Amino acid sequence: MTKEKWLAKFTAKRKKAYQKFYYLRLLYLFVRATHLIVHMSKQRREPTFWEAIIPVLFLIIMLSVNVIYVFGDDAISGSNQIVLILSATVAALIALRTGIKWEELQDGIVKSISASMSAILILLLIGSLAGTWLLSGIVPAMIYYGLQILNPTIFLFAAVIICAVVNSHG
C-alpha cells in the first residue's frame with residue numbers, strides 16, 4: 001500500500017469518526033456549561049449586546065461547520081435541525097444566566113408555538129392539497145386545458161385581466 005492510499009484511507013476513517021461523535025461532544029459541553037451557567041446568576045438583568053448576539057453567531061458558525069466540514073457535498077441531507085436545537089439551547093442557557101426562570105422560558109415557548117399554530121396548519125393543508133392535486137392529475141389537466149383555452153402569446157395580458165376581474169368582485 002502506497003503512502004497516498006494509506007493517507008486517503010486514514011483521512012476517510014477519521015472523517016467518519018469525527019462525524020459520528022461530533023454532536024455527542026457538543027452535547028457533553030452543553031451539559032457541563034449548563035451546570036456552570038445556571039448556578040452563576042440568580043438576579044434578573046438585561047442581557048448585554050454580546051449575550052444577545054451569541055445564539056445568532058453560534059447558529060451561523062455551526063451551520064457553516066455542518067455544511068463545510070461535517071457533511072461536505074452531502075450537506076442537504078445533513079441534520080441542520082440538531083444545530084437549530086443546539087442554538088436554542090445556547091439561547092436558553094444565556095437566558096438562564098441573565099436570571100430568567102425556566103418556567104418563564106417554557107411559557108414563552110408555548111406562547112410562540114400557539115401563536116404560529118394557525119399558520120402552520122394552513123401550510124400543512126395547502127401542502128397536502130397541492131400534493132393530492134399533483135398525484136391525482138388535476139394540475140397537469142389544468143395546465144393542458146388552460147393552454148388549449150388560453151393562447152401563450154397573450155398569457156400575461158390575460159393574467160392581468162383575470163386578476164382584475166376576480167379582485168373587483170371580491
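The values are calculated or read from the model by the stated rules, or taken from the named source; none is laboratory data. The model shown is predicted, which means the values in this text are computed figures rather than measured ones. All Cβ positions, glycine included, derive from the backbone under ideal geometry; neighbour counts span all protein chains shown. SASA here: full protein model, heavy atoms, side chains in, ligands and nucleic acids out. Shrake-Rupley method; radii C 1.70, N 1.55, O 1.52, S 1.80 Å.
Among the residues of region 85-101, the one identified as part of a helix (DSSP H, G or I) and open to solvent by 90 Å² or more (accessible area, probe 1.4 Å) is Ile85. Scanning region 35-63 for residues that are open to solvent by 50 Å² or more (accessible area, probe 1.4 Å), part of a helix (DSSP H, G or I) and either polar (S, T, N, Q) or modelled with pLDDT under 75 (or both) yields His35, Leu36.
Residues are listed down the side, and each one gets a yes or a no for (1) under 35 Å from the mean Cα position of the chain (by Cα); (2) open to solvent by less than 60 Å² (accessible area, probe 1.4 Å):
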{"position": "Glu103", "(1), (2)": "yes, no"}
{"position": "Leu124", "(1), (2)": "yes, no"}
{"position": "Ala130", "(1), (2)": "yes, yes"}
{"position": "Leu134", "(1), (2)": "yes, no"}
{"position": "Ile138", "(1), (2)": "yes, no"}
{"position": "Leu147", "(1), (2)": "no, no"}
{"position": "Ile162", "(1), (2)": "no, no"}
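Look at Ala115 and say whether it is open to solvent by 40 Å² or more (accessible area, probe 1.4 Å), among the hydrophobic types (A, V, I, L, M, F, W, C), without any contact (Cβ under 8 Å) to a residue 40 or more places away in the chain and within 22 Å of Arg32 (Cα to Cα). Taking the combined requirement at face value, the residue does not satisfy it. Where the second residue is surrounded by 10 or more Cβ atoms within 10 Å (Cβ to Cβ) and the first is outside any helix (DSSP H, G or I) and lies in region 145-170, which pairs have Cβ atoms under 8 Å and are six or more apart or on separate chains? Every condition considered, the pairs that remain are Leu150/Ala158.
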